[in-house]
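Worksheet for the structure shown next.
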Amino acid sequence: MLVKTYGSAISGIEAMTVTIEVDIEKGVNYTVVGLPDNAVRESQQRITAAIGQYGYHLTGKRVIVNMAPADVKKEGSAYDLSIAIAVLAAQGNIRADHLSEYMLMGELSLDGSLRPIRGVLPIAIEARRKHFKGIILPADNAREAAIVNNLEVHGAHNLKEVIDFLDDEGTIALTEFDTRAEFAKQLDHYEYDFADVKGQEGVKRALEIAAAGGHNVILIGPPGSGKTMLAKRMPSILPPLSLEESLETTQIHSVAGQLRKSDALISVRPFRAPHHTVSDVALVGGGSNPHPGEISLAHNGVLFLDELPEFKRSALEVLRQPMEERRVTISRARSTTDYPAGFMLIAAMNPCPCGYYNHPTIECTCAAGVVRRYLNKVSGPLMDRIDLHIEVTPVPVSQLNREGRAESSATIRDRVMAARSIQQARFAGHAGIHCNAQMNSKLTREHCRLGAEGRTILEAAMNRLGLSARAYDRILRVARTIADLDQSEIIRAPHISEAIQYRSLDRKYWHD
């Protein structure tokens, strides 16, 4: 008897339907075909033990399991449930009337219980797209799948519940999720707030500009000056995630297996801070079975690279293309996978190996030329993609002892959102461009025009401060953002002057 059930395979952050066909013929072996990996082949052992818990046994005949389409690699243990149900139906142990109405996914334990799987959200989206009535999956994944509307989501605890449900001898409760209400409830839940930061008003101002224009930032300062503390608060002043961004971010984390059971829907911008020993693959994504890397997990949020010069140069260089295109392409012999990578980069570094160059009270112990070599560990092309270079100095004790709280993140975010609304109107006719940092050269010339005074100031700064040519467009874009924060249609001389201050590493003699 030939029986079909349906599952799903993940490609990138999308899913595609997989048809599991089981046929039982004369013979004595069990065969899985359709490009399965080792985890799928091992499903026979898990299925044999799981169905045995409820009095069922594999037939002594030849069992052929085909997973179509055959040219797509099937990975992982998530197909256990769909294969087990197909085998039992082919043996005549359960009815096959409703199998075409549901997508079945889940890993089986030897005792028959269902273990959670990853990538549930894109699988549920695919089930709705292919007009399945519902999806049956482990109870721990049900809340995540229920984000998708117009789809019945049944979260089962064990194989027996699924068998009884398909035989119309039992029920599995529907899992419901009010996506919009849950999304609205979880907004603005930030662990860190700028109100807790004493001093550093200049740095806060620069980070506000970065948030308003989507600009990448590098923080340069001695140990203990507050670089990491400030970076952790960056998501709290970025505009809140839209529902569309939230769903896309949740998909990425679901595919990567990074979604916690309590987080059915990610509603705050992610903040990823990989250690400087991270490998190229872990940072960018890939592997023999491609998975999203840190830059994709930071999509729609912040990627923080602390101790930037300590990262392997190869790991940093692979960031260049994703920073420009806002996505990363992983190419393998059999397939090519795209992952979104629209992140804001915040990097931090010491000014020298000992960390105390330009410190107001501690003398630098680095030998001559060491500072230059240390700064040169970060390549020019990478620095070319960082708009704001901010020098962070230690906070005086007098400010640390000051009573009261500083300006809150909510207040700063209101100004950021006002500037972003101006940019949304400005780029309404340009697909894929949402903020000033994403402007190309043509748009920069169109929207960043300077008056005579502004041009004079910029030309003088280029010559007097030894600014590099690559800094020119970056200064114009940052000045455009400063003008937006000032609710000004025109880039004025003070806007240009402030933007010039944020190009420390482009000065020829910064380290002399």
| message | Taking the condition of being modelled with pLDDT under 85 and of a type in the set (Ser, Thr, Tyr), how many residues in the stretch 355-398 meet it? | response | 4
| query | Out of all the residues in the stretch 424-455, which are under 20 Å from residue 494 (Cβ atoms) and either open to solvent by 80 Å² or more (accessible area, probe 1.4 Å) or not hydrophobic (A, V, I, L, M, F, W, C) (or both)? | reply | 436, 444, 447, 449, 451, 453, 454, 455
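Which residue, of 272, 260, is modelled with pLDDT of 90 or more, on the phi < 0 side of the Ramachandran plot and of a type in the set (Lys, Arg)?
Values: 260 fails: modelled with pLDDT of 90 or more.
Unique residue meeting the criteria: 272.
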| task | Return the only residue of 490, 482 being crowded, with 17+ Cβ neighbours inside 10 Å, modelled with pLDDT of 90 or more, under 21 Å from residue 416 (Cβ atoms) and among the β-branched types (Val, Ile, Thr). | result | 482
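Just checking, which of 166, 159, 121 is at pLDDT below 95, open to solvent by less than 10 Å² (accessible area, probe 1.4 Å) and more than 23 Å from residue 252 (Cα to Cα)?
Details: 159 fails: at pLDDT below 95; 121 fails: more than 23 Å from residue 252 (Cα to Cα).
One residue alone meets the criteria, 166.
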| message | Looking at the stretch 51-62, can you tell me whether even one residue there is buried (at least 24 other Cβ atoms within 10 Å of the Cβ) and of a type in the set (A, V, I, L, M, F, W, C)? | response | no
| request: Determine which member of the set 244, 201 is within 26 Å of residue 117 (Cβ to Cβ), of a type in the set (Asp, Glu) and modelled with pLDDT of 85 or more. | output: 244
| task | Give the residues of the stretch 257-296 that are open to solvent by 20 Å² or more (accessible area, probe 1.4 Å) and among the small types (Gly, Ala, Ser), sorted by residue number. | result | 257, 262, 273, 279, 282, 287, 288
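Within the stretch 493-512, restricting attention to residues that are touching an Asp or Glu at 6+ places or on another chain (Cβ under 8 Å) and assigned to a helix (DSSP H, G or I), which residue is modelled with the lowest pLDDT? Walk me through it before giving the result.
Of the stretch 493-512, the ones touching an Asp or Glu at 6+ places or on another chain (Cβ under 8 Å) are 493, 495, 502, 504.
Then drop every residue that is not assigned to a helix (DSSP H, G or I), which leaves 493, 495, 504.
Working: 493: 92, 495: 94, 504: 71.
Here the answer is 504.
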| What is the one condition in (1) open to solvent by less than 30 Å² (accessible area, probe 1.4 Å); (2) assigned to a helix (DSSP H, G or I); (3) under 21 Å from residue 213 (Cα atoms) that residue 241 does not satisfy? | (2)
| query | When both residues are 6+ apart or on different chains and their Cβ atoms are under 7 Å apart, which pairs have a first residue that lies in the stretch 355-372 and is open to solvent by less than 40 Å² (accessible area, probe 1.4 Å), and a second that is aromatic (Phe, Trp, Tyr)? | reply | 364/356; 364/357; 366/357; 371/357
| message | Which count do you get for residues in the stretch 135-154 that are surrounded by 24 or more Cβ atoms within 10 Å (Cβ to Cβ) and assigned to a strand (DSSP E or B)? | response | 4
| query | Hey, residue 390 hits all of (1) of a type in the set (A, V, I, L, M); (2) outside any strand (DSSP E or B); (3) over 20 Å from the mean Cα position of the chain (by Cα) but one; which does it fall short on? | reply | (2)
| Out of the stretch 195-234, which residues are part of a helix (DSSP H, G or I), closer than 16 Å to residue 272 by Cα and open to solvent by less than 10 Å² (accessible area, probe 1.4 Å)? | 230, 231, 234
| query | From the list 412, 482, 491, 390, which residue is closer than 30 Å to residue 357 by Cα and touching a Leu at 6+ places or on another chain (Cβ under 9 Å)? | reply | 390
| said: With within 25 Å of residue 132 (Cα to Cα), part of a helix (DSSP H, G or I) and not hydroxyl-bearing (Ser, Thr, Tyr) as the only criterion, which of 161, 169 stands out? | reply: 161
| field | Among the candidates 302, 217, 255, residue that is aliphatic (A, V, I, L, M) and more than 21 Å from residue 392 (Cβ to Cβ) | value | 255
| task | Give the residue that is farthest from residue 234 (Cα to Cα), with candidates limited to residues of the stretch 407-443 that are in contact with an Asp or Glu (Cβ under 7 Å, 6 or more places away or on another chain) and hydrophobic (A, V, I, L, M, F, W, C). | result | 422
| said: So residue 308 passes all but one of these: (1) farther than 19 Å from residue 384 by Cβ; (2) modelled with pLDDT of 90 or more. Which condition number does it fail? | reply: (1)
| field | Residues that are crowded, with 22+ Cβ neighbours inside 10 Å, in contact with a helix residue (DSSP H, G or I) (Cβ under 6 Å, 6 or more places away or on another chain) and more than 15 Å from residue 88 (Cβ to Cβ), drawn from the stretch 11-50 | value | 13, 15
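Determine which member of the set 243, 230, 319, 207 is under 30 Å from residue 335 (Cα atoms), of a type outside the set (Lys, Arg) and in contact (Cβ under 8 Å) with a residue 24 or more places away in the chain.
Among 243, 230, 319, 207, only 319 is under 30 Å from residue 335 (Cα atoms), of a type outside the set (Lys, Arg) and in contact (Cβ under 8 Å) with a residue 24 or more places away in the chain.
Filter the stretch 389-423 for residues that are touching a residue at least 12 places away in the same chain (Cβ under 8 Å), open to solvent by 60 Å² or more (accessible area, probe 1.4 Å) and either touching a Cys at 6+ places or on another chain (Cβ under 9 Å) or not charged (D, E, K, R) (or both) and give the result. Even if it seems obvious, please write down each step before you answer.
Filtering the stretch 389-423 for residues touching a residue at least 12 places away in the same chain (Cβ under 8 Å) gives 389-396, 399-400, 402, 405-410, 412-413, 415-420, 422-423.
With open to solvent by 60 Å² or more (accessible area, probe 1.4 Å) added as a condition, the list becomes 391, 393, 396, 400, 402, 405, 407, 415, 417.
Of everything in the stretch 389-423, those that are touching a residue at least 12 places away in the same chain (Cβ under 8 Å), open to solvent by 60 Å² or more (accessible area, probe 1.4 Å) and either touching a Cys at 6+ places or on another chain (Cβ under 9 Å) or not charged (D, E, K, R) (or both) turn out to be 393, 396, 400, 417.
The values are calculated or read from the model by the stated rules, or taken from the named source; none is laboratory data. Worth saying up front: this structure is predicted, and the values here are computed from it rather than measured. Backbone-built Cβ (ideal geometry, glycine too); neighbour counts: all protein chains shown. The area values use the complete protein model at the heavy-atom level, side chains included, leaving out ligands, DNA and RNA. Shrake-Rupley method; radii C 1.70, N 1.55, O 1.52, S 1.80 Å.
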